[in-house]
1. Which pairs turn up if I take residues in segment 102-114 that are assigned to a loop (DSSP other than H, G, I, E, B) and look for partners that are among the small types (Gly, Ala, Ser) and at pLDDT below 90 with beta carbon separation below 7 Å, at least 6 apart in sequence or on another chain?
2. Out of the residues in segment 19-54 meeting the condition of being open to solvent by 20 Å² or more (accessible area, probe 1.4 Å) and of a type in the set (Gly, Ala, Ser), tell me which one is farthest from residue 112 (Cα to Cα).
3. State all residues of segment 447-460 that are open to solvent by 10 Å² or more (accessible area, probe 1.4 Å) and not small (Gly, Ala, Ser); if no residue qualifies, say none.
4. Say we look at segment 89-111 and pick out the residues that are open to solvent by 20 Å² or more (accessible area, probe 1.4 Å), in contact with a strand residue (DSSP E or B) (Cβ under 9 Å, 6 or more places away or on another chain) and not basic (Lys, Arg); which of these is nearest to residue 162 (Cα to Cα)?
5. Among 571, 540, 559, 528, which is the only one that is within 30 Å of residue 462 (Cα to Cα), modelled with pLDDT of 80 or more, aliphatic (A, V, I, L, M) and assigned to a helix (DSSP H, G or I)?
6. Would you be able to say whether some residue in segment 613-634 is within 30 Å of residue 495 (Cβ to Cβ) and acidic (Asp, Glu)?
7. Please work out which residue is farthest from residue 459 (Cα to Cα), limiting yourself to segment 425-443 and to residues that are surrounded by 22 or more Cβ atoms within 10 Å (Cβ to Cβ) and not hydrophobic (A, V, I, L, M, F, W, C).
8. State yes or no: is residue 670 open to solvent by less than 100 Å² (accessible area, probe 1.4 Å), in a loop (DSSP other than H, G, I, E, B) and without any contact (Cβ under 8 Å) to a residue 60 or more places away in the chain?
Amino acid sequence: MSLTDVLELNKTELFAKIRDGLPGVQRTQNLLDCKDDLLFAWDAKDSCLLVRNWRSSLAAEVNVQFQTLIPSSTVGLEVDRVLASNEGSLVALSGPRGVTILELPRRWGADGYYKDGKARITCRTYGLDTQLFLNNPHLEVRQVRWHPHSVSDSTLLVLLNNNTIRVYNHSKLRHVWQVGPSVLRSGANSSLCDFGEVAVDFDIAPAGKSRDTESAAFGETETTLDKSNKTLMAAKSQPKQERIEWPVVVLRENGNIYILMTGLDSEKTRLQGPITITPQARDNYGLESCALMIIPSLPPTLVIAESNGKLHHALLMEAEAAEHSFNEVDDFVLIEPAEYVIHVLETVELELGLTASGAAEGGGASYNCPVYLKRDLINELRYFAYHNAGLHAVTVNFISELQRYLDSESEEDRLELAASSRAEYILCTKFDSSDSVNAVFGLALLQVPAGVVILLGSGQVISLKLVIDAQLLVTPNENRQANADVSQQESGPTFVDTIKSLLQRNVNQPILADKLSSPSAQESYELLNQAIEVLREQYLKRHDLVRAAFARHINQMQLKKEQQKQEIQDLEKERELISERAHKLAERFEEISYNQELLVRKCNVLMQRANAALPNSVVAEREFSLEVARLNKVTQSMAAGLEGAKKTLNKQRYHIAKSQEDLKKNAYELPEKQHRTITEILTQLTGEIDRQITDVKRINKIVGV
């Protein structure tokens, strides 16, 4: 298994087929995307979408085949972006001259393939506003994004270079939102492009409640009838839910940021901007802005990228009071007071390629190219920046500090954003001074297990495993314990923190991709010297510092160990002395207790004798003692009599029981035949007596007695 291709994708038929149809122009694009366990790749030669189950390919015994999704209608676009929807039901194929939507089929079967693993599948395809692009040859697509709140997973937002965002639901155009002045690229009307007034990127911030500003803006011109009608309409619509607005953050090429407040199904929009950016800077935080991304933290984090490699990390916060801005060039665009402000916290400068003039000093920043951003769905603190010179992984550390501050219940806790962000150069595709580049043609992020797949312009595929940030591995209990340990904070940084600070590098040695053309011997020699210098300065030197730190720490620990051993021996001796003293004190205590009991008994006897020998004894006491003696004798005699009575009673009971047993034994019993005969005679006599009584009663009744 190759270290730069852990999934062994270079050997697969899928990328062998894509490698034959790669475009010849070396510019950054994204022909790859990943949704769950499916990896999508666009085949420009056959104009079809290839799908492979990358998770099944991790098993060595499973033979994974790719599937070909053939569009139902011919895709005549030069596709440079593949974007799967949030639920994975649609795929947007975007190019500079249009957008095509491809509906994905259903998945079933043991391995979860489309249509149980059918090799070639025809999928329904429809283009978006194809006639519009045919009639406007200068119209281009700048950005496409799926709306995160789409119930049907089919709402697509498309940004065009005429400062409009077109909203589509499947193949139908729903809304056209104007996000800036109208731009015409013909003749004298190209001044707006020269001043950078064209929107280059946008992203959708977390939703918020709508602020009704209609009455404040037009309240003075309303009539009484209009107010009453609005009151009735408000009363009718009162039971409905509150209107939710999604802030669409739009970035222009000159660095100005605008926010379009709109709902998902709203025709009416509110454009605000340019948003105030603090602290102020001379270059307005980017005169060559090319990309924008929003990390849904609290508050949302904005990442603004420039083509010179600078990344600005800022917070999007609500303004205390709405701020008015200058009027737009286009009179048809209404600009409202801005409800938001942007506060830039830090700027990270990426190294766009390695040059022979000292990469550690940032010499690679002289090369300019568009930078594209992609969020990491596994770790919200991290995102990726890819460009013509490779791939960077950027970790935004202040997001975790914000989250910790918001979760803290202590009123004395203060927010200190001391940790700076970290940019790691993962893949480098430009390491010489020539103009030839090996651009990134595709970037897909894998989940569970985490990984990244990169397609280069040379056709090489790089698949790497991603390491989850260490902060996400800390349990909440450990985090609280670390925050609550004030004594440890006062004692200074721990040894682990010291080692981490020593190992932290300013420049890392990225993976070097194969060039389209082999470099010269001089360039290879300079690159080797540069790599050796980076390894010496950023790796080996820091490892030597860590080794020295470990040696010092080990010596300190050994010294403390010896001291603690000596202290333990002293404590053992003290414990033996204390044990002996405690044993002697216990024996002494028992002896004193026994002597005290003897003295108490002797005192009691002496008191009794003294009281009895007193000459002035009272007569009543003497009589009482005599009476007690007499009662004692009487009681003893009565107890003896009672005992004799009990013995006599027991004897009588014994004789009575014995006599009753003898009587039972001596009782005469008639034979059964005699007993039956006597019973029959008695029964006859009883019947005869009953008849005689009846006759006597009858005679008495006759006689009248």
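The values are calculated or read from the model by the stated rules, or taken from the named source; none is laboratory data. On a predicted model such as this, the values are computed, not experimentally measured, just so you know. Glycine also receives a Cβ, built like all others from the backbone with ideal geometry; neighbour counts cover every protein chain displayed. Just the protein is used for accessible areas: all its heavy atoms, side chains included, with ligands, DNA and RNA removed. Shrake-Rupley method; radii C 1.70, N 1.55, O 1.52, S 1.80 Å.
1. Taking only residues 6 or more apart or on different chains, the pairs are 104/88; 109/117; 111/56; 111/117.
2. 24
3. Hits for segment 447-460 are 447, 448, 449, 460.
4. 96
5. Numbers: 571 fails: within 30 Å of residue 462 (Cα to Cα); 559 fails: within 30 Å of residue 462 (Cα to Cα); 528 fails: modelled with pLDDT of 80 or more.
Only one candidate passes the filter, namely 540.
6. In the first step, residues of segment 613-634 are kept if they are within 30 Å of residue 495 (Cβ to Cβ); the result is none.
Taking every residue of segment 613-634 in turn, none turns out to be within 30 Å of residue 495 (Cβ to Cβ) and acidic (Asp, Glu).
7. 425
8. Numbers: open to solvent by less than 100 Å² (accessible area, probe 1.4 Å): yes; in a loop (DSSP other than H, G, I, E, B): yes; without any contact (Cβ under 8 Å) to a residue 60 or more places away in the chain: yes.
It is true that residue 670 is open to solvent by less than 100 Å² (accessible area, probe 1.4 Å), in a loop (DSSP other than H, G, I, E, B) and without any contact (Cβ under 8 Å) to a residue 60 or more places away in the chain.
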